[in-house]
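Everything on this sheet refers to the single structure shown next.
The values are calculated or read from the model by the stated rules, or taken from the named source; none is laboratory data. Computed from a prediction, not measured in an experiment: that's the story for all the values here. In this analysis, Cβ positions are derived from the backbone assuming ideal geometry, glycine residues included, and neighbour counts consider all displayed protein chains.
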Amino acid sequence: MGERRTSFRRLRRLFAAASVLTALAAVTPAVAGATTTPAPGYEQFVGCPHPGLNPEIETCFRSVITGGVLELGSLEIPLTQSIALSGGMTGAGSFDSGPKGGLQVVKQSVPGGVIGLTGFTWLAEFLGSEALALYAVIELADTPGDQLAEPASLPVKVHLINSVLGNKCYVGSKAEPIELELITGTTSPPSPNTPITGAPGTSTTTLNGVTDITGGKHVDNAFAAPGASGCVLTLFGFPATSIDEEIDSQTGLPAEAGYNRTIQNFTTEFVSSALVYP
């Protein structure tokens, strides 16, 4: 695993070095470190911290999950809305992001709604199907690992959103995150899961030094998922009541490794930070 990380970092540095040389031949030189906003042509890297925020950033990147699924026990969250993760990486592979970076807040529609999540079929007598629609937002639970190496570590938590559940209904937390270890190769999960295979995608480098990876697919089905927390049944005329246990019973959470899965189709752009912030 250490050799794989080292090879990815060497490859990234080679791309970055080649990108700088290519781009410098096509642009007018500027004073290094003079800007705090991305240079023209690099606006998509606005989430990367400028040197004044973190002078150790060597590579700026933006990765977009374009589709896929996150399955936690029997809770299935289709990733139908694109989610961007942006920031920068140091030479040692440490992640950081500026005020406009991190993981984008995007609501995903969850099949089955609140009734599917809780098993409370009687809710339909009080609320219509629209009012019982359920949404999930994948949020960072902690600092990601190197997103340009494998495995790309991504600690997350899932915010389950509907007014019936209160405003703090989550699967996962900072103390107990969902630890995704994303790869483009083939997984080795515990049973009953079986191996699944990702795809590295196709890499090209543009004239302005940006390396684009398209058609990639990250996979992981060897992670554990914690139980629900902070979910409170909130209905007018009824006392607020914790329903964490009911949600866990309905969804099979907490779910040990071998019962969870994620597939994430992705595109990624990365470039030397010296070009983004000349």
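Checking each residue in the stretch 225-258 for being more than 18 Å from residue 168 (Cα to Cα), in contact (Cβ under 8 Å) with a residue 24 or more places away in the chain, not in a strand (DSSP E or B) and not hydroxyl-bearing (Ser, Thr, Tyr) picks out 250, 252, 256, 257, 258.
Hey, any hits in the stretch 215-228 for a residue that's farther than 18 Å from residue 263 by Cα, surrounded by 14 or more Cβ atoms within 10 Å (Cβ to Cβ) and of a type in the set (Val, Ile, Thr)? Within the stretch 215-228 (the criterion being farther than 18 Å from residue 263 by Cα, surrounded by 14 or more Cβ atoms within 10 Å (Cβ to Cβ) and of a type in the set (Val, Ile, Thr)), the answer is no, since none of the residues qualifies. Against the test of being aromatic (Phe, Trp, Tyr) and under 18 Å from residue 67 (Cβ atoms), the options 266, 223, 270 yield a single qualifying residue, 266.
Set side by side, the residues 144, 155 differ, and just one is surrounded by 14 or more Cβ atoms within 10 Å (Cβ to Cβ), in a loop (DSSP other than H, G, I, E, B) and out of contact with any helix residue (DSSP H, G or I) (no Cβ under 8 Å at 6 or more places or on another chain), which is 144.
Residue-by-condition table, conditions (1) assigned to a loop (DSSP other than H, G, I, E, B); (2) closer than 29 Å to residue 254 by Cβ; (3) at pLDDT below 95:
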site	(1), (2), (3)
26	yes, no, yes
30	yes, no, yes
51	yes, no, no
54	yes, no, no
59	no, no, no
77	no, yes, no
87	no, no, no
98	yes, no, no
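Return yes or no: is residue 204 at pLDDT 95 or above, over 20 Å from the mean Cα position of the chain (by Cα) and in a strand (DSSP E or B)? In short, yes.
What residue, among those in the stretch 239-278 that are under 27 Å from residue 157 (Cβ atoms) and of a type in the set (Phe, Trp, Tyr), is surrounded by the fewest Cβ atoms within 10 Å (Cβ to Cβ)? That would be 259.
Results for (1) under 23 Å from residue 138 (Cα atoms); (2) touching a strand residue (DSSP E or B) at 6+ places or on another chain (Cβ under 8 Å), shown as yes or no for each residue.
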{"residue": "168", "(1), (2)": "yes, yes"}
{"residue": "180", "(1), (2)": "yes, yes"}
{"residue": "185", "(1), (2)": "no, yes"}
{"residue": "194", "(1), (2)": "no, no"}
{"residue": "211", "(1), (2)": "no, yes"}
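Mind telling me which of the residues 167, 193 ends up being touching a residue at least 40 places away in the same chain (Cβ under 8 Å) and polar (S, T, N, Q)? After ruling out the rest, the residue left standing is 193.
Filtering the stretch 100-110 to residues that are part of a loop (DSSP other than H, G, I, E, B) and crowded, with 21+ Cβ neighbours inside 10 Å leaves only 101.
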